[in-house]
Structures are given as C-alpha cells and as structure tokens.
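Just below is one structure, and these are the notes that go with it.
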Amino acid sequence: MTKPINKFWAGAMGVALAFGATGAMAKELRGWNIHVEDYPVSHGMEQFVAEVADKTGGEITGKVYHGGVLGSQPDAIEQLRLGALDFGVFSLGPMGQAVPEANVVSLPFIFKSIPQMYELMDGEVGAAIDAGMQKKGIKALAFYDAGARSFYNSIKPVNEPADVEGMKVRVMNNDLFVGMIESLGGNATPMAFGEVYQSIKTGVVDGAENNPPSYESTNHFQVAQYYSLSEHLIIPECLCMSLKTWESFTPEQQEAVKTAAMDSAMKQRELWQAREAASMEKVKEGGVEVNTIEDKAAFQAAMAPVYEQYLAASPDMADLVKMIQSAE
C-alpha cells in the first residue's frame, strides 16, 4: 500500500523545484505593451523576454501583454512605479508627465536626426534620463525607435511656418506640443488618438502629426493626403522596468537583463526602419503628396517661445537641454 505524501515534504519539493538547480527563486515578469503583436516594438519585447530566460537559465521568464490589455499608458506607468507591473515599453512623451527628465526629448527639433538620437540615448543623455526615472521608481533598460513625427493634413503641403497658420492640428496631450503648434500660428487640439481619423474626415481638425507607420496603419493617409516631412519630434520609447523588480535581481541577473534589453533595442530599430520604409511606399501608392522640408531653420526659430517657457518652468533641465543641443 502506497503511503500518502506528507504535506510538509510536498511543499518542500515544490519550493525546491521553484528554486531550480541554481538556488535562485524563479520569477515570471509581466510586461505591458500598447502595440499589436505584429509590430516592431512587440517583436523587440518578445526577443527581450526570450533572451532573458535563456541568459538566466530560466530563473527569470516573462510574458508580454500586447494591445494595451493591462490598461492605458498613464495607468501602466503608475503600475510600473508601484511594482504592480514588471516592465513595458513606453513613449517618453507620456512618461514626461511623471519624469521631468523624460520630457526633454519632447522639445521640438531637440534632436538633429534619428542616428544622433540613437547615439545620445545609448550614452550620456539616456543615462541622465535613467537617473531621473529611478527617482520615480522606474529603471530604463534600453531605448526603442519610434521614428520622427511630421505634419499631415487635408488642405495643403506644409513648407514653411506660415502654412500652419490657422490650421487645426491634433496633438498629444502635452503642453509642449500645444505650444509647438501655437508658435507656428496654428490651433492645437489635444485629442485621443482613436478619434483622429473621424475628426479629420468631418473637418473637426485639419490634420495631425505622427510617424509614417502610425499615419499609414490608422488609414489617416486616406483622409489627410498631404504629408510634410518636418521631423519636428523624435521621441524614443523606453523599455523600462519597475525599480522594485530590478533591485530584486542579483548583479549577474541585472547584467543579463540589461544585455538582453540592448540586444532587443538593436533588433527593434532594424525592424522599425523596415516598417517605416514599407509605410512610406504604401501611402505614396495611396495618392499621398509627400514633401520633404529641407530647410527647417524657420521652424526651429519659431520654437524659441516653447523652449523659453519650458526652461522657465524647469530650470534644472537646462544642462540636459544644452547637452543635447551642443552634440554633433
């Protein structure tokens, strides 16, 4: 007759299995993602969790919840700070509402190009933003590409600031973006992203601004057929982790997580560039008139009030702004 298993020993066996051969408690991370599964950010995040599991011998695993099913971006950022979420990829635009240092990259024309953004975010600028995030309970692991945002509208091409005068332009809910449009003489209209298509179609707004994949995948190009490549905003996204989660790891685990994050960023940037090229091809085939604004000096000069207002409200960010502006 088989003896019943003692409950104490059954529990002990379970704990032993959870610890595994290395003696470290296994942990499954929960990750937030606003994008659909088939998207450069999503593929980067999936690579991240797979590499973390591999590098830690299964001590740390993870699951990415795509499509914003774990809540809105502002809510998810707060959950991350509290440790209710372990990691996620967040735009530094909304992140700027919680972390002042993150708001610097939302200044119009702060970066000269995408390659320059990569170099600075992988170096001292990214480190400075990470330091600010840690004060708020968030650890920045790596920075993803979200492209450059440009103007699109249903009326005419934008070649100079005067072309924006009187135009009703949807912007994200951030005072910097409102100020950007107002400095060009336009009427800024903060609005949820999901309302933009119908609002342009019905004339509630004349246009908006975004990167090529967003412009294309939402079909905004069908109702706003003028796309003017101003590239006024280059706002990266951050693969971030709750500081509580990060500090629960051993130094060896932290190194594995950081390496996996940087590897995923390299992959995501490659996928993003390919997706961006495909989106541009699709909108051109759809009849969109695309123009490149080669000389941005007039637009940049018009942003002086935006910078003045920002630095008046956040004087301690002056050194970080100067660091970016003085970089080659």
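Checking the structure you have, find out if any residue of the range 164-176 is at positive phi and not aliphatic (A, V, I, L, M). Scanning the range 164-176 turns up at least one residue that is at positive phi and not aliphatic (A, V, I, L, M). The selection criterion, being modelled with pLDDT of 95 or more, open to solvent by 10 Å² or more (accessible area, probe 1.4 Å) and under 17 Å from K244 (Cα atoms), does not hold for D122. The numbered conditions (1) surrounded by 20 or more Cβ atoms within 10 Å (Cβ to Cβ); (2) more than 17 Å from K244 (Cα to Cα) are all true for D38 except (1). In the range 101-119, of all residues being hydroxyl-bearing (S, T, Y) and assigned to a helix (DSSP H, G or I), the one that is modelled with the lowest pLDDT corresponds to S106. Residues considered: G68, G58, G23. Of these, the only one that is more than 30 Å from V306 (Cβ to Cβ) and at pLDDT below 95 is G23. Residue check: S183 meets all listed conditions (1) crowded, with 17+ Cβ neighbours inside 10 Å; (2) at pLDDT below 95 but one, namely (2). Just checking, does the range 202-221 include any residue being charged (D, E, K, R), under 28 Å from P100 (Cβ atoms) and free of Cβ contacts under 8 Å to residues at least 24 places away in the same chain? Within the range 202-221 (the criterion being charged (D, E, K, R), under 28 Å from P100 (Cβ atoms) and free of Cβ contacts under 8 Å to residues at least 24 places away in the same chain), the answer is no, since none of the residues qualifies.
Under the condition of being open to solvent by 10 Å² or more (accessible area, probe 1.4 Å) and under 13 Å from the mean Cα position of the chain (by Cα), which residue from the range 25-35 is nearest to L243 (Cα to Cα)? Filtering the range 25-35 for residues that are open to solvent by 10 Å² or more (accessible area, probe 1.4 Å) and under 13 Å from the mean Cα position of the chain (by Cα), the one nearest to L243 (Cα to Cα) comes out as I34. In the range 195-232, the qualifying residues are those that are touching a helix residue (DSSP H, G or I) at 6+ places or on another chain (Cβ under 7 Å) and hydrophobic (A, V, I, L, M, F, W, C), and the one that is surrounded by the fewest Cβ atoms within 10 Å (Cβ to Cβ) is V223. In the set (1) of a type in the set (A, V, I, L, M, F, W, C); (2) modelled with pLDDT under 95; (3) open to solvent by 40 Å² or more (accessible area, probe 1.4 Å), A98 fails one condition alone, (3).
If the condition is being surrounded by fewer than 24 Cβ atoms within 10 Å (Cβ to Cβ), part of a helix (DSSP H, G or I) and of a type in the set (A, V, I, L, M), then the range 78-95 contributes only L82.
The values are calculated or read from the model by the stated rules, or taken from the named source; none is laboratory data. Values in this document were obtained by computation on a predicted structure and should not be read as measured data. FYI the Cβ positions are ideal-geometry reconstructions off the backbone, even for glycines, and counts take in every protein chain you see. Remember, those area values only see protein heavy atoms, side chains included, never the ligands or the DNA or RNA. Shrake-Rupley method; radii C 1.70, N 1.55, O 1.52, S 1.80 Å.
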